[in-house]
Structure formats: C-alpha cells, structure tokens
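What follows is a single structure, written as structure tokens, with notes after it.
What follows draws every value from the coordinates through simple rules; no lab data is involved. Keep in mind it's a predicted model, so treat the numbers as computed, not measured. Methodologically, a virtual Cβ is constructed for each residue, glycine included, from the backbone with ideal geometry; neighbour enumeration extends over all protein chains shown.
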Amino acid sequence: MSNNQLKRCCVIATSRAWNQDMVERLGALTGRDFRLITTPGELTVEKLAPINPEFIFFPHWSHHIDSGIYEQFECVIFHMTDLPFGRGGSPLQNLIARGIYETKISALRCVEEMDAGSIYLKRLFSLYGSAEEIFIRASSVIEDMIAEILQKLPEPKPQEGEPTVFKRRRPEDGDLATAQSLEQMFDQIRMLDAEGYPNAFLNIGPFKFEFTRASQKVGQIMADVRVTLVDNVKERDN
C-alpha cells in the first residue's frame, strides 16, 4: 500500500469564503483528501465519524465547537495572537485598538478552556491593511502552517506565561465618536472593514454614517461612506 493510501483525510472548517480555496491546494500539496465544512450542521460527530479525519483545522470558525468533536478528533484552531497573550474574542480588533501592529498566528489544540490548548507552532504576522486584506493574508499563512503540521507532525507544547484575555468586541464599539486622533479613527475603520463585520460608524442626528475603504493621507482620511436613517438601520439589524 502506498504512503498516500495510508494517509487519512483532513477537514477544513471555516466560516469565511477566503479560506475555502485552500482545500484544493492543500490536497494537491500534501496528497491527502481534504473535506470542507462551512456550517455548524455539518460539524457533528455523527457526520465526521464515517470519515474519521486525521485533523480538523479551523482557520476561521465563528461557531461553538462541541466537546464531542475535539474529544474524539484532533482539532487545530488558529488564533491571531502570540498566545497566551490575547486569548478570547476579536483578536484582530483588540490588537489594533491597543496599537499593536505586529503579532503571531498561533496554531493550537482545541480544548474546553478558550484558546488555552497546547501550541503546535507560531508564525509572525503583520496587521497592516483593512481587516479583509489581513484575513486574506492570514489565510495564506495558515495554509502554510497546515501543510507544515501535516508534514512534520509536531508535538504541541503547553502555553507558557500568564494569560491575557480579550473581551469580544460589540457592534457599538465601532462608534468613531470615541476616536481621539486621525490615527485612531483610521484604525477603527480598517479593522472592521471585512465581510460579516459591523463597519465603523458615526451617528449624527437621524443619520448613521458607516465607513469602509479608508486610506490615510497627510492630515486627513479618505473613505467610502454609506448614509442611512438610524431607524432603518435598527430595522435592518433586527
């Protein structure tokens, strides 16, 4: 039997379109059969048991992972901080809000405690650009990390140091009225400029101004803006 025949399949579970193309590339690169999962209904023990994946990789997953999944299968999640610093929600936005523009992507084992699992490997990563640009670059880095994990099968090592925990950001945290400088305003706009994220905004009278595609010039910011009535926005979000 060939080495490729001995290799079990792997699963990519992702909520974002920018990660889906890696399935075909990783299959060609590693010689493994990769399956794609994009919804929580597909991520069940009953549906995974017949294929018995060697790994389930979570490049960007916005849903709860049931304990039955990570207790039965080797689950690897990817977190955009140098763990144990920055455990918790909204790592990209929390880092930029703190003026941190260089980080690491950590590949770690999924366990019950959030972002507390042992580390397979880390990679340096820059946080410049819009959120969507950052996520697309991260997808490429994560793809390389998955290939390395499958090639080298590193033994994950426990995290070292005192954890710092981030709170998940809320839509109202994107209010640009809190910005104290043009630099802060630019960062707030770009770090929320991605599919599926509530854009940075200003409420003025009955109007809501939502900002995307920001660029920083000397003494000013250029951006696209969408203007809606506040009452219409509330109806849209409910």
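For region 94-205, the equivalent ellipsoid derived from the alpha-carbon gyration tensor has semi-axes of 31, 16, 12 Å in decreasing order. When peptides 189-196, 200-207 are sorted by average Cβ neighbour count within 10 Å, with the highest value leading, the order is 189-196, 200-207. Taking a ≥ b ≥ c as the square roots of the eigenvalues of the Cα gyration tensor, an a/c ratio of 1.5 or more together with a/b no larger than b/c marks region 191-232 as oblate.
Near residue 166, within a Cβ-to-Cβ distance under 13 Å, what is the net charge of the other residues, with Lys and Arg +1 and Asp and Glu -1?
On the way: positive: 87, 98, 167, 168, 169, 170; negative: 82, 115, 173.
Surrounding charge for residue 166 is +3.
A protection proxy built from the mean count of other Cβ atoms within 10 Å ranks the segments 37-48, 66-77, most packed first, as 66-77, 37-48. Once C-alpha pairs closer than 8 Å and six or more residues apart are averaged by separation and normalised to the residue number of region 1-158, the relative contact order reads 20 percent.
For the chain, the Kirkwood hydrodynamic radius from C-alpha pairs, put into Stokes-Einstein at 25 °C and a viscosity of 0.890 mPa s, yields a diffusion coefficient of 126 µm² per second. Farthest towards the positive end of the charge dipole of region 1-152, among the residues 92, 120, 58, is the Cα of 120, using unit charges on the Cβ of Lys, Arg, Asp and Glu. Farthest toward the positive end of the dipole of the chain, out of 67, 221, 179, is the Cα of 221, where the dipole comes from beta carbon charges about the Cα centre. Quick one: how many lysine pairs does the chain have with C-alpha atoms less than 20 Å apart and a gap of 8 or more or different chains? Give me the count, please. Pairs that pass both the separation and distance tests number 9.
Each Lys or Arg adds one and each Asp or Glu subtracts one; over the other residues with Cβ under 12 Å from the Cβ of residue 23, this totals -1.
Quick test of the membrane-span-like rule: which DSSP H helices of the chain reach at least 15 Å along their long axis (C-alpha atoms) with mean Kyte hydropathy at least -0.5? Can you show the working numbers first?
On the way: long enough: 131-152 (31 Å, 0.44).
Span-like helices here: 131-152.
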